[in-house]
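Trainee: Sharing a structure, written as structure tokens. Questions coming.
The values are calculated or read from the model by the stated rules, or taken from the named source; none is laboratory data. Computed from a predicted structure; not experimentally measured. Using ideal geometry, Cβ is built from the backbone for each residue, glycine included, and neighbour counts are taken over all protein chains shown.
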Amino acid sequence: NGDHIFIRTVSKSILIFDTAQHHFEEFLLPGNQTEEPLLPGEQAMGIACNAGFFYVSTQHNVSKFSIADRKLIANYSLRNITAQPVEACGVYYIGNKRIIITVNDQLIELDDDLNNPRLLTTFSGQPLLVTGRVEQLYRDAFERIWLLTNDDIKRIQDKEIPFSYLKYPGTNGNFVRCLYFDEQSQQLLAGCINSGIQAYDSSSNPLLHGQL
């Protein structure tokens, strides 16, 4: 948010920078809240925040903490989603008192108190991802949610166009890692590890026959 920066570390902790007071502290993650005995600490896989709270995802839980006093406010067990080992779990605050968590190849929306889970699917009820997983998720000013996967870009929107699918014909394994939307030209650029740069027009159509 505008007052704090959160950085996850490899030592099962989070660095919290206070940009107003110009200092930082190390926040040690508590153990797994769903196991007995509690684990001594877990590795953070994802971090998100709003004005008053920050959210941390691990292999077992998504937890909500107060920024003011670092107290644990709520906890959501990933056992509610999958019995399989969790290889990746991200958490994203998308506004309107909602968060999205990505667990392996699944996307779940919850309210900001980690209640009322809802699995995000296509119109036919099929999973958004057939294989792979979501590497990054962005929400823009037009209430569009962009999912960056290993092969393509997916767009979810609450209004008008609930779901959009962007992919260059005949391409796989692109590993899309970043997006840039040019407001003036209304063009979307996607940077890929394996296939350079892709360009799309405002209707999600590829602008080029191949990548740059």
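Trainee: Just to check your reading of the model, which residue among 171, 131, 149, 121 is within 26 Å of residue 86 (Cα to Cα) and at pLDDT below 75?
Mentor: 131
Trainee: Quick one: residue 155 ticks every box in (1) of a type in the set (D, E, K, R); (2) modelled with pLDDT of 80 or more; (3) over 27 Å from residue 59 (Cβ atoms); (4) in a loop (DSSP other than H, G, I, E, B) except a single one, so which number is it?
Mentor: For residue 155, the failing item is (4).
Trainee: Just give me the residues in the range 132-146 being out of contact with any Asp or Glu (no Cβ under 8 Å at 6 or more places or on another chain) and either among the hydroxyl-bearing types (Ser, Thr, Tyr) or in a loop (DSSP other than H, G, I, E, B) (or both), in sequence order.
Mentor: 138, 140, 141, 142
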